[in-house]
Amino acid sequence: MTADEAKREAALKALELVQPGMTLGLGTGSTAAHFVRGLGLRLKAGLRIAGAVATSEATADLARASGVPLLEPGPETRFDLAVDGADEIDPALNLIKGGGGALLREKIVAAAAARFIVIADAGKRTPRLGRFPLPVEVTPFAWPLTAAKVAEALRAAGCARDVLSLRYKDGAPFITDGGNHILDCQAALIPEPSALAALLDATPGVVEHGLFIGLAHEAIVV
């Protein structure tokens, strides 16, 4: 089984959890895209849901093309189920996410979900987080100053490395849907994800980071 086939299989298993009338959170990335397409097929077969919220413009476009009804979240919005992929998953269900650049919206939706399910291929499992570069979303203003503080946070948290790079796309700095930059942090090993998350949360200029701690309820890994 290829990695893409495994992603699709995990997405199909997650689709079994969708019940009529649910409000759903739709993740971003290649694995989540399989879930969105599969959801569209189930809707065409007669399933009815209250609606869904997409975590990126790319996912919103795919949802519309697949016939998934989208909602504009309000103050009372709560997701019965949110489904998304991950870049790394440790044994405690701590995650690194944000390889697709949608970590801010993904974390907002995950935190508002009654049940947040991660779907992934087996290659995303790891005994310790850090092999995958940790995305940190930062404001464009004075981002080099923020980058220096992020590097300090990596060192203070005991990470094996503290090498940062500004993410680029098509020869220009990558811009998130929220209008921010992303720093990809080569930590190599994050010994205490919760400690690093707290340090990054306290860093001015950091909008959000890709450490998802205590948010996932279950991981479907194929």
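The numbers here are math on the coordinates, done by the rules we state, and not lab data. Quantities reported herein were computed from a predicted structural model and do not represent experimental measurements. Glycine also receives a Cβ, built like all others from the backbone with ideal geometry; neighbour counts cover every protein chain displayed.
What is the local net charge at Gly123, summed over the other residues whose Cβ is closer than 13 Å to its Cβ (Lys, Arg +1; Asp, Glu -1)?
With Lys, Arg at +1 and Asp, Glu at -1, the neighbours total -1.
Considering the dipole of the chain built from charges on the beta carbon (Lys and Arg +1, Asp and Glu -1) around the Cα centre, which of Leu215, Thr176, Leu15 is farthest to its positive end?
So the residue furthest toward the plus end is Leu15.
Of all beta bridges DSSP finds with both residues in the chain, what is the antiparallel percent, to the nearest 5?
About 50 percent, rounded to the nearest 5.
For the range 134-210, what number results from the quotient of the Cα radius of gyration and 2.2 N^0.38 Å?
1.02
Where does each of Ser56, Ser66 land when they are ranked from fewest to most other beta-carbon atoms within 10 angstrom?
Taking fewest neighbouring Cβ atoms as first place, the list is Ser66, Ser56.
So, with +1 on the Cβ of K and R and -1 on the Cβ of D and E, and no other charges, what is the size of the charge dipole of the chain about its Cα centre, to the nearest 20 debye?
Values: 22 positive and 25 negative charges, 67 e Å.
With Lys and Arg at +1 and Asp and Glu at -1, about 320 debye.
May I ask which residue of Gly25, Leu70, Leu39 lies farthest towards the positive end of the charge dipole of the chain, with charges of +1 (Lys, Arg) and -1 (Asp, Glu) on Cβ and the Cα centre as origin?
The residue sitting most towards the positive pole is Leu39.
Send over the Kirkwood Rh of the chain, from the inverse of the averaged 1/r over different Cα pairs, rounded to one decimal Å.
On the way: mean 1/r = 0.0567 Å⁻¹.
Computed over the chain, the radius equals 17.6 Å.
Can you compute the charge dipole magnitude of the range 72-140 about its Cα centre, using +1 on each Lys and Arg Cβ and -1 on each Asp and Glu Cβ, nothing else charged? Give it in debye, rounded to the nearest 20. List each step's numbers first, then the result.
Values: 9 positive and 10 negative charges, 52 e Å.
With only Lys, Arg, Asp and Glu charged at Cβ, the dipole is about 240 debye.
Tell me what the chain gives for mean residue ellipticity at 222 nm when only DSSP H runs of n ≥ 4 count, each as -39,500 (n - 2.57), the sum divided by the residue total, rounded to 500 deg cm²/dmol. Let's see the in-between values first.
Values: 6 runs with 70 residues, N = 222.
It lands at -9500 deg cm²/dmol.
For Ala3 paired with Arg42, estimate the spin-label separation in nm (one decimal), with each label point 7 Å from Cα along the Cα-to-Cβ line.
Each label point is offset 7 Å from its Cα along the Cβ direction, giving 2.6 nm.
Where Lys and Arg each count +1 and Asp and Glu each count -1, what net charge lies around Ala50 among other residues with Cβ under 14 Å from its Cβ?
Here the charged neighbours net out to -1.
Gain in length, Thr203 to Leu17, computed as 0.36 nm per residue apart minus the alpha-carbon separation, to one decimal in nm?
63.2 nm
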